[in-house]
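The values are calculated or read from the model by the stated rules, or taken from the named source; none is laboratory data. Remember, predicted model here, so these are calculated numbers, not experimental data. Using ideal geometry, Cβ is built from the backbone for each residue, glycine included, and neighbour counts are taken over all protein chains shown.
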Amino acid sequence: MASPTSKTTLGLEMATDPRWVNIAEKSIAFILTDHAWCEQKAATHGISMISKFSDYTDVVDIIAPIVAEEWGHFRKVLKELKKRGHELGPQRKDEYVNKLNGFIRGGDHITKQLVEYLLAFAMIEARSCERFRLLSLHVEDPELQQFYHEFMVSEAGHYKAFINLAKKYADENYVLNRWAEYVVFEAEMVKTLAIRGDRMH
């Protein structure tokens with residue numbers, strides 16, 4: 001789903017194929033549905049992080065408000081769906097996230113595991129931010145342009161929060177080097193995904 005061009009938003013190696021916006025705009029109900037479920041899963045995963053790493057004060061303090069914001073986003077997208085005469089509909093398989101999860105390193109050191117999760121979350125937020133930016137710039141509906149601009153700004157903030165949090169629990173050079181590996185992996189992965197206008201990722 002990508003074009004082999006230069007680096008894009010937040011240092012991603014692979015830019016989204018520009019055809020994606022045109023396809024997505026023609027099936028905006030499907031995009032909004034997938035977007036809603038993405039926000040729901042982001043909130044749920046944040047809660048899981050707090051539960052698993054509750055001894056890490058900064059994790060709780062930083063991720064708790066992100067969870068609240070993600071749930072607010074879920075409700076906001078639901079409202080947009082209803083305004084346009086659509087219902088939420090069933091959850092869809094997220095091939096992008098599933099493949100990215102396969103890149104997360106396992107291990108018996110809980111702090112390293114925490115850093116892996118934070119970097120994976122940061123990657124999802126970075127790609128979401130890039131997609132929201134494209135929608136905010138290229139959809140014809142002015143209301144949707146503003147709608148997605150606000151999400152773009154929010155996702156950029158979440159990306160930075162996760163990266164900075166990872167640096168609190170691991171050497172900065174390690175975090176940056178591991179992040180570079182995520183970027184390379186994600187770029188290669190995105191090349192293999194079909195252009196789908198009914199998915200955010």
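Checking 81, 10 one by one, the residue that is at pLDDT below 85 and in a helix (DSSP H, G or I) is 10 and no other.
Which ones in the range 144-176 are among the hydroxyl-bearing types (Ser, Thr, Tyr) and farther than 18 Å from residue 113 by Cβ?
148, 154, 159
Summed over the range 92-115, residues that are in contact with a Phe, Trp or Tyr (Cβ under 9 Å, 6 or more places away or on another chain), farther than 15 Å from residue 200 by Cβ and not in a loop (DSSP other than H, G, I, E, B) total 6.
For the range 93-127, what are the residues that are over 22 Å from residue 42 (Cβ atoms) and under 16 Å from the mean Cα position of the chain (by Cα)? If the condition is that a residue be over 22 Å from residue 42 (Cβ atoms) and under 16 Å from the mean Cα position of the chain (by Cα), then no residue fits.
None of 139, 59, 115 is out of contact with any His (no Cβ under 9 Å at 6 or more places or on another chain), of a type in the set (A, V, I, L, M) and more than 30 Å from residue 192 (Cα to Cα) except 59. When residue 95 is tested against (1) exposed (fewer than 13 other Cβ atoms within 10 Å of the Cβ); (2) at pLDDT below 90; (3) farther than 20 Å from residue 144 by Cβ, just one condition goes unmet, and that condition is (1).
Has the range 157-176 got at least one residue that is in contact with a strand residue (DSSP E or B) (Cβ under 7 Å, 6 or more places away or on another chain) and of a type outside the set (Lys, Arg)? No, the range 157-176 has no match at all.
Please tell me if residue 27 is surrounded by fewer than 18 Cβ atoms within 10 Å (Cβ to Cβ), out of contact with any Gly (no Cβ under 9 Å at 6 or more places or on another chain) and not aliphatic (A, V, I, L, M). The answer is no for residue 27. Is it the case that residue 185 is surrounded by 19 or more Cβ atoms within 10 Å (Cβ to Cβ), part of a helix (DSSP H, G or I) and of a type in the set (Phe, Trp, Tyr)? Judged against the criteria, residue 185 is not a match.
Matching residues to (1) among the β-branched types (Val, Ile, Thr); (2) out of contact with any strand residue (DSSP E or B) (no Cβ under 6 Å at 6 or more places or on another chain); (3) buried (at least 20 other Cβ atoms within 10 Å of the Cβ):
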{"residue": "19", "(1), (2), (3)": "no, yes, no"}
{"residue": "32", "(1), (2), (3)": "no, yes, yes"}
{"residue": "39", "(1), (2), (3)": "no, yes, yes"}
{"residue": "60", "(1), (2), (3)": "yes, yes, no"}
{"residue": "84", "(1), (2), (3)": "no, yes, no"}
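Screening the candidates 156, 194 for the property of being small (Gly, Ala, Ser) and exposed (fewer than 13 other Cβ atoms within 10 Å of the Cβ) yields one hit, 194. When residue 172 is tested against (1) surrounded by fewer than 17 Cβ atoms within 10 Å (Cβ to Cβ); (2) under 16 Å from residue 96 (Cβ atoms), just one condition goes unmet, and that condition is (2). Every test in (1) under 14 Å from the mean Cα position of the chain (by Cα); (2) modelled with pLDDT under 95; (3) buried (at least 16 other Cβ atoms within 10 Å of the Cβ); (4) over 23 Å from residue 17 (Cα atoms) is passed by residue 130 save one, and that test is (4).
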